[in-house]
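Peer 1: There's a structure below that I have some questions on.
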Amino acid sequence: MNIIIFGAAGFIGTNLISKLSEDPNNRIIAVDHNKEFFSDILFFNRNNVEIVQSAFTLEINFDELLKEQDIVYHLVSTTIPMTSNKNVSQEIIPDVAFSIRLLDSCVKCNVKKVVFISSGGAVYGMESNCPISEDSKTEPITSYGLQKITIEKLIYLYNYMYKLDYKIVRLANPYGPFQRPNGMLGAVTTFTYKALKNEEIIVYGDGSVIRDFIYIDDAIEAIVNITFNNSDYNLFNVGSGYGTSISEVLLIIQNVLERSLKISYLPSRSVDIPVNYLDISRYNSVFGKLGTVSLTDGVIKTIEFLKKRYKI
Ligand SMILES: NC(=O)c1ccc[n+]([C@@H]2O[C@H](COP(=O)([O-])OP(=O)(O)OC[C@H]3O[C@@H](n4cnc5c(N)ncnc54)[C@H](O)[C@@H]3O)[C@@H](O)[C@H]2O)c1
């Protein structure tokens, strides 16, 4: 299978490549603009992975890259929820324009399937009827969420116009190895990293915000199942299916590390939805139970990785 991954050197891309490259029949092209980020992928040392450094400008033409590709993974996002409302047009336009160009090329090059990683945390907005099913209304409160739902709609349009096959994964909050603990995204990984280094952990609000955390291996298994197995659905929520508060996450990290944490509380942010966790019954009914790694076990695995990776 010929597979090309855009945004390949990030957290999800790196884990996806690790999994897909285990199969010697897969030939993978990993595309990203950030050369430094490729070090982890190179470390896997798999000879069925080719690396292409490319920045996705508005002028880019993907035809050359997409020739003879079976599966295209769209993992690119130039924006994150936290900052995406600061300059809405600047945040939305590049991702949407990139996606249109990519889809045009997919059609031209007869790509078999496009897989888009959307956001189960952002597209549903303030929807408080948790667990949230795929059929719930989508009213994002960030331009990050708006960008995701717009790209989803573009994909539906290309399927309608050109029969381009697709799968959309509305992913909750993955955490674990290869997530960069820079405090911008990924509470579990960032808090664990800070705790290991005995650094201050910043919590926005009082710790009552509830999210759906899923260990990255479980998320990758789900993405791979959705990509390669037939099903009548094109859209799936992927998460643990239950909510955990930020305070509970901190308590788990504290218990696993057997040390007290340095926590500072700042005012809550308008972009933080109070409660979000996903209904994963669609996934479970098609592919079997999703998410076998508990948060405690996931934190233990994340600690092992961070200690080795950052020599803590
Ligand atoms: N991590 C999460 O919590 C989460 C949750 C739901 C959905 N998602 C989505 O999954 C996808 C992957 O997420 P991630 O956590 O791996 O993000 P990431 O930031 O770790 O990786 C994204 C990669 O895309 C690359 N990229 C961004 N803009 C680019 C451009 N203009 N040209 C070339 N490369 C570019 C970056 O260099 C980066 O390596 C994103 O679309 C994200 O929105 C992530």
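Peer 1: Report the residue count in the range 90-122 for those that are among the acidic types (Asp, Glu) and either buried (at least 18 other Cβ atoms within 10 Å of the Cβ) or outside any helix (DSSP H, G or I) (or both).
Peer 2: Kept after step one, since they are among the acidic types (Asp, Glu), are these residues of the range 90-122: 91, 95, 104.
Checking the rest, the ones that are also either buried (at least 18 other Cβ atoms within 10 Å of the Cβ) or outside any helix (DSSP H, G or I) (or both) come to 91, 95.
Within the range 90-122, residues that are among the acidic types (Asp, Glu) and either buried (at least 18 other Cβ atoms within 10 Å of the Cβ) or outside any helix (DSSP H, G or I) (or both) number 2.
Peer 1: Sticking with this one: Check 51, 80, 60 and return the single one that is within 13 Å of the ligand (Cβ to nearest atom) and in contact (Cβ under 8 Å) with a residue 60 or more places away in the chain. Step through it out loud before you land on a result.
Peer 2: On the way: 51 fails: in contact (Cβ under 8 Å) with a residue 60 or more places away in the chain; 60 fails: in contact (Cβ under 8 Å) with a residue 60 or more places away in the chain.
Going through 51, 80, 60 in turn, just one is within 13 Å of the ligand (Cβ to nearest atom) and in contact (Cβ under 8 Å) with a residue 60 or more places away in the chain: 80.
Peer 1: In the range 89-106, which residues are within 16 Å of the ligand (Cβ to nearest atom) and either in contact with a helix residue (DSSP H, G or I) (Cβ under 8 Å, 6 or more places away or on another chain) or hydrophobic (A, V, I, L, M, F, W, C) (or both)?
Peer 2: 91, 92, 93, 95, 96, 97, 98, 99, 100, 102, 103, 105
Peer 1: Restricting to the range 45-60, count the residues that are modelled with pLDDT under 85 and not β-branched (Val, Ile, Thr).
Peer 2: Initial filter on the range 45-60 (modelled with pLDDT under 85): 55-60.
If we keep only those that are not β-branched (Val, Ile, Thr) too, we end up with 55-56, 58-59.
The number of residues fulfilling the criteria is 4.
Residue-by-condition table, conditions (1) of a type in the set (A, V, I, L, M); (2) modelled with pLDDT of 95 or more:
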position: 94; (1), (2): no, no
position: 106; (1), (2): no, yes
position: 110; (1), (2): no, yes
position: 142; (1), (2): no, no
position: 156; (1), (2): no, yes
position: 172; (1), (2): yes, yes
position: 175; (1), (2): no, yes
position: 193; (1), (2): no, yes
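Peer 1: Among the residues of the range 211-265, write down those that are out of contact with any Leu (no Cβ under 7 Å at 6 or more places or on another chain) and of a type in the set (S, T, N, Q).
Peer 2: Of everything in the range 211-265, those that are out of contact with any Leu (no Cβ under 7 Å at 6 or more places or on another chain) and of a type in the set (S, T, N, Q) turn out to be 225, 227, 229, 230, 231, 234, 240, 245, 247, 255, 260, 264.
Peer 1: Would you say residue 144 is of a type in the set (Phe, Trp, Tyr) and closer than 28 Å to residue 267 by Cα? Full working, then the answer.
Peer 2: Working: of a type in the set (Phe, Trp, Tyr): yes; closer than 28 Å to residue 267 by Cα: yes.
Yes: the conditions hold for residue 144.
Peer 1: Which residue is farthest from the ligand (Cβ to nearest atom), if the candidates are limited to the range 162-176 and must be touching a residue at least 12 places away in the same chain (Cβ under 8 Å) and under 24 Å from residue 108 (Cβ atoms)?
Peer 2: Step by step, filter the range 162-176, then rank; the result is 162.
Peer 1: Hey, which of the strands (runs of 3 or more DSSP E) in the range 140-224, taking only ones fully inside, have at least 3 residues that are buried (at least 21 other Cβ atoms within 10 Å of the Cβ)?
Peer 2: Filter on the range 140-224 gives 166-171, 173-175, 213-215.
Peer 1: OK, next. If we keep just the residues of the range 63-77 that are assigned to a loop (DSSP other than H, G, I, E, B) and within 11 Å of the ligand (Cβ to nearest atom), which is nearest to residue 4 (Cα to Cα)?
Peer 2: Looking only at the range 63-77, we keep the residues that are assigned to a loop (DSSP other than H, G, I, E, B), and these are 67-70, 75-77.
Add one more test, that the residue is within 11 Å of the ligand (Cβ to nearest atom), and what stays is 75-77.
Working: 75: 11, 76: 12, 77: 16 Å.
Ranking the candidates gives 75 first.
Peer 1: Assess whether residue 266 counts as being touching a residue at least 12 places away in the same chain (Cβ under 8 Å) and either more than 22 Å from residue 85 (Cβ to Cβ) or among the aromatic types (Phe, Trp, Tyr) (or both). Lay out the reasoning, then the answer.
Peer 2: Values: touching a residue at least 12 places away in the same chain (Cβ under 8 Å): yes; either more than 22 Å from residue 85 (Cβ to Cβ) or among the aromatic types (Phe, Trp, Tyr) (or both): no.
So residue 266 does not fit the description; no.
Peer 1: On the given criteria, is residue 241 in contact with a Pro (Cβ under 7 Å, 6 or more places away or on another chain), within 29 Å of residue 149 (Cα to Cα), touching a residue at least 40 places away in the same chain (Cβ under 8 Å) and assigned to a loop (DSSP other than H, G, I, E, B)?
Peer 2: Yes.
Peer 1: Tell me which residues, restricted to the range 262-312, are of a type in the set (Asp, Glu), surrounded by 12 or more Cβ atoms within 10 Å (Cβ to Cβ) and more than 19 Å from residue 132 (Cβ to Cβ). Steps first, please.
Peer 2: Applying the first criterion (of a type in the set (Asp, Glu)) to the range 262-312 yields 272, 279, 297, 304.
This time we only want the ones that are surrounded by 12 or more Cβ atoms within 10 Å (Cβ to Cβ), so: 272, 279, 297.
Within the range 262-312, just 297 meets the criteria.
Peer 1: So, of the residues in the range 3-48 that are part of a helix (DSSP H, G or I), more than 8 Å from the ligand (Cβ to nearest atom) and under 22 Å from residue 111 (Cα atoms), which turns out to be nearest to the chain's Cα centre (by Cα)?
Peer 2: 16
Peer 1: Quick check on my filter: what residues within the range 107-123 are more than 12 Å from the ligand (Cβ to nearest atom) and within 23 Å of residue 220 (Cα to Cα)? Steps first, please.
Peer 2: First, the residues of the range 107-123 that are more than 12 Å from the ligand (Cβ to nearest atom): 107-114.
111, 112, 113, 114 - these are the residues of the range 107-123 that are more than 12 Å from the ligand (Cβ to nearest atom) and within 23 Å of residue 220 (Cα to Cα).
The values are calculated or read from the model by the stated rules, or taken from the named source; none is laboratory data. Given the structure is predicted, the values throughout are model-derived calculations rather than measurements. Backbone-built Cβ (ideal geometry, glycine too); neighbour counts: all protein chains shown.
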